[in-house]
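Below is one structure, written out as structure tokens; the observations come after it.
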Amino acid sequence: MNYLLFDDYRWKQLLPLTYTRPVCEIRTGILTIREKWSLRTGISFSWLTQPYLQEKYPSRLSSDNMIINGGMLPSEEVIRAIEQLKKGEGLYKGETLLAARVSGEDCRDISQINLHKRNYESEAWLIEFPWDIFVFNHRAIEEDFRLITAHRHSLPASNTNHLIRSERIFIEEGARVECSVLNATEGPIYIGKEAEIMEGSLIRGPFAMGEHAIVKMGAKIYGPVTLGPYCRAGGEISASVMFGYSNKAHDGYLGNAVIGEWCNLGANTNNSNLKNNYAEVKMWSYVKESFIPTGLQFCGLVMGDHSKTGINTMFNTGTVVGVNANIFGAGYPRNFIPSFSWGGPEKMQEYPLNKAIEVAEKVMQRRNVVLTETDKKILQTVFNITKKYRHFS
């Protein structure tokens, strides 16, 4: 049988993070959603996503396909329920399609499939909005840590460190940790291959850092926090997720935030995660094209791929920044910053596509990664479809 992870309507709810990726490539916990499914099942998954993303994330179809909702995090219960599906059956939680076993032709338009419904009675763990990524992160780190470290032994920590609940701290091969305090009382701490925690860092779990990630000297990190592969983090961070290849390398506060790939937060960039009146935070919705309630009192910043901030940038509570925005200047920018925007509170203008691609190429070359022609086509599409939001006076 062939296996795919599909995007449903939540793809649009998860913008701007999903402008450049299928839903299953979102990271929460240690792994992306697709990596979680592969680790639990031993199966290689392909993607059913938006047409303009399909060149980078192609579908592999056959006469017998199991399609699984790309926003759903795996559990033993849901995997067992999926394994019992017969051809033409769909597994539903309420009106939400969790999985279906269908032919290759049916995969081409999931909304038109006529399925025999089977109800799923247990909990379905679905990422629906960007803030779910940091809300779910504690549980996701715990689950991923258990799976990744099962029947394995951690690299021993240097005796220059102070470890609390050391049995819940796992250090992969090649990682370096010196003169730091790691407290796993509230959740596990996972340090990926060739990662480094520099001297004087204070870290409370749950915390995870991917391969080659770096925590800079004197950082203060309050879990749950995830640093994806090749991220660099410093200053103060709490309840946040950085997908990969992004930097918050200097002092400043990041809280209740989700940062995409290839972002850079300049020195002393700060975000608010709590309103002065302690009211519920609202955030921009690309579906409603207005601000919607999050149900959260603590909610900070969501930033799409390739966006950057200058030094001393300040973000209000519940700010959404699109793809390839470049933000700088004194004062607070607006709470919704469209993709390919350039400027700050005093003036904002369109960031020309050719200039944005030129910067992205230089940034990625520094990490020995190539911005492919396929990547450029994706950015071109995002530039075009987000033009309607760039109303600058």
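Figures for the structure shown
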{"quantity": "Test: residue in the range 83-104 that is small (Gly, Ala, Ser), in contact with a Ser or Thr (Cβ under 7 Å, 6 or more places away or on another chain) and at pLDDT below 95", "calculated": "yes"}
{"quantity": "Extreme residue, nearest to Thr41 (Cα to Cα), among residues of the range 167-200 that are surrounded by 15 or more Cβ atoms within 10 Å (Cβ to Cβ) and of a type in the set (S, T, N, Q)", "calculated": "Asn183"}
{"quantity": "Test: Gly318 is crowded, with 18+ Cβ neighbours inside 10 Å and either assigned by TED's automatic domain parsing to the domain that holds Lys275 or farther than 21 Å from Tyr230 by Cβ (or both)", "calculated": "yes"}
{"quantity": "Qualifying residue in the range 322-342 (condition: assigned to a helix (DSSP H, G or I) and either of a type in the set (D, E, K, R) or without any contact (Cβ under 8 Å) to a residue 60 or more places away in the chain (or both))", "calculated": "no"}
{"quantity": "Counted residues, the range 117-132 - those being over 30 Å from Leu301 (Cβ atoms) and not charged (D, E, K, R)", "calculated": "3"}
{"quantity": "Selection count, the range 156-167, where residues are farther than 17 Å from Cys179 by Cβ and either in a loop (DSSP other than H, G, I, E, B) or in contact with a Pro (Cβ under 9 Å, 6 or more places away or on another chain) (or both)", "calculated": "1"}
{"quantity": "Residue match in the range 340-350 (condition: assigned by TED's automatic domain parsing to the domain that holds Asp305, at pLDDT 95 or above, more than 25 Å from Cys231 (Cα to Cα) and charged (D, E, K, R))", "calculated": "yes"}
{"quantity": "Any hit, the range 171-185, residues being closer than 28 Å to Val258 by Cβ, within 24 Å of the chain's Cα centre (by Cα) and among the β-branched types (Val, Ile, Thr)", "calculated": "yes"}
{"quantity": "Answer from Lys248, Lys282 - the residue that is modelled with pLDDT of 95 or more, closer than 30 Å to Leu379 by Cβ, surrounded by fewer than 22 Cβ atoms within 10 Å (Cβ to Cβ) and not small (Gly, Ala, Ser)", "calculated": "Lys282"}
{"quantity": "Tally, over the range 195-215, of residues that are part of a loop (DSSP other than H, G, I, E, B) and within 21 Å of the chain's Cα centre (by Cα)", "calculated": "7"}
{"quantity": "Residues (outside any loop (DSSP other than H, G, I, E, B), in contact (Cβ under 8 Å) with a residue 12 or more places away in the chain and under 20 Å from Pro51 (Cα atoms)) located in the range 350-384", "calculated": "Thr374, Asp375, Lys376, Lys377, Ile378, Leu379, Gln380, Thr381, Val382, Phe383"}
{"quantity": "Residue in the range 23-36 that is among the hydroxyl-bearing types (Ser, Thr, Tyr) and at pLDDT 95 or above present", "calculated": "yes"}
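Yes/no matrix, rows are residues, columns are (1) under 24 Å from Ile337 (Cβ atoms); (2) over 13 Å from the mean Cα position of the chain (by Cα); (3) touching a residue at least 60 places away in the same chain (Cβ under 8 Å):
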| site | (1), (2), (3) |
| --- | --- |
| Gln13 | yes, yes, yes |
| Ile30 | no, no, yes |
| Leu39 | no, yes, yes |
| Ser44 | no, yes, no |
| Thr49 | no, yes, no |
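The values are calculated or read from the model by the stated rules, or taken from the named source; none is laboratory data. Computed from a predicted structure; not experimentally measured. Positions of Cβ are backbone-derived with ideal geometry, glycine not excepted, and every protein chain shown enters the neighbour counts.
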